[in-house]
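Undergrad: After the structure tokens below, expect a handful of questions from me.
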Amino acid sequence: MKLKKQLFNLILIFSSLLLHSQQSNCEKIFPFDSNEVLIFDIQYNFGLMWTNVGTLQFTSETIVQNQTRYYNFKSESNTNESWKWLYEISSTYDVMSSQTTLKPVKYFQSTKYWNHQYNYQYIFENDSIHLLIIKDKEVINKSIKNDSLLFDGLSAIYYARTIDFNSLTKGDSIEIDILHGDQLMKQKIIFEGIDNLTHVNNEIISCFKFSSLIMNNLIISDKKPAQVWVTADDRRLPLKISIEIIVGSVNIYLRE
């Protein structure tokens, strides 16, 4: 079962759902710094029981290459030891992004799923993206023409957090462009308004809520939209993602 990989991809899609804002805003508003660490717990529900099955971590720092400063965003996901009998998967994600626009320059991903190894490398240029993808023995090496505002999933998470959420009205829909695998994809997102989320330790937090119907996925149900909550403050932290899957459901929570 590729549950963990699909869940991480879903986090990436939802976290980037507000890319319609003006790009110039990114140069002035950064709700994160170069030392931020975010850790998520992944909980699985089957019947009446919820249990932790894995963790997900995001970090940011500043690096210098050729006398130019960049953000270096990283993420790592792992299955808890007690659940590796069901699915054993670990992933690392690493992207270098502009410190003025957050647009990606280089992206790397490595995922190990049981005895399978998947590696992704994207090099972003002005009007094209060069891809090198290795799936076990299969190799994909090609270029994609693109001159629009396009992000990999990880840099999109940080870009989305610079958006003015208050400019949205309940019922607004957004289409975002993201590079997933070797394909350019559009994901339609619907803004559900402001919601008071009961988070860990019963803390009530005001959040912006969104939903999206995920299609063509072997694990995630296409009968009920997935939902995401982000804090309605200057940090715009993703607090919770709720997903219906083929068997059971999943909640992904930001730790305290």
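Undergrad: Quote the Stokes-Einstein diffusion coefficient, in whole µm² s⁻¹, for the stretch 25-168, based on the Kirkwood radius over alpha carbon pairs, a temperature of 4 °C and a viscosity of 1.567 mPa s.
TA: Details: Rh = 17.1 Å.
Result for D is 76 µm²/s.
Undergrad: Right, here's the next one. Within the set LYS112/LYS145; LYS84/LYS112; LYS106/LYS224; LYS74/LYS223, which residue pairs have Cα atoms separated by over 23 Å? If you can, show how the numbers build up before the last one.
TA: Working: LYS112/LYS145 29 Å; LYS84/LYS112 12 Å; LYS106/LYS224 35 Å; LYS74/LYS223 32 Å.
From LYS112/LYS145; LYS84/LYS112; LYS106/LYS224; LYS74/LYS223, over 23 Å: LYS112/LYS145; LYS106/LYS224; LYS74/LYS223.
Undergrad: Given the DSSP H assignment, sum -39500 (n - 2.57) over each helix run of at least 4 residues in the chain and divide by its residue total; what's the result at 222 nm in deg cm²/dmol, nearest 500? All intermediate terms of the calculation are to be shown ahead of the outcome.
TA: Working: 2 runs with 21 residues, N = 256.
After summing the helix terms and dividing by residue count, I get -2500 deg cm²/dmol.
Undergrad: Compactness ratio of the stretch 3-254: Cα Rg over 2.2 N^0.38 Å, N = residue count?
TA: Working: Rg = 17.7 Å, N = 252, 2.2 N^0.38 = 18.0 Å.
The value comes to 0.98.
Undergrad: Between the stretch 65-80 and the stretch 152-227, how far is it from one alpha carbon centroid to the other, in angstrom?
TA: With the stretch 65-80 and the stretch 152-227 each reduced to a Cα centre, they are spaced 22 Å.
Undergrad: Based on Cβ point charges of +1 for Lys and Arg and -1 for Asp and Glu, what charge dipole magnitude is obtained for the chain about its Cα centre, in debye rounded to the nearest 20? Please list the in-between numbers first.
TA: Values: 25 positive and 28 negative charges, 93 e Å.
Magnitude of the dipole: close to 440 debye.
Every read-out reported here was derived from the displayed coordinates using simple, explicitly stated rules and does not represent laboratory data. These numbers come from a predicted model, not from an experiment. Every residue, glycine as well, gets a Cβ built from its backbone with ideal geometry; the counts of neighbours run over all protein chains shown.
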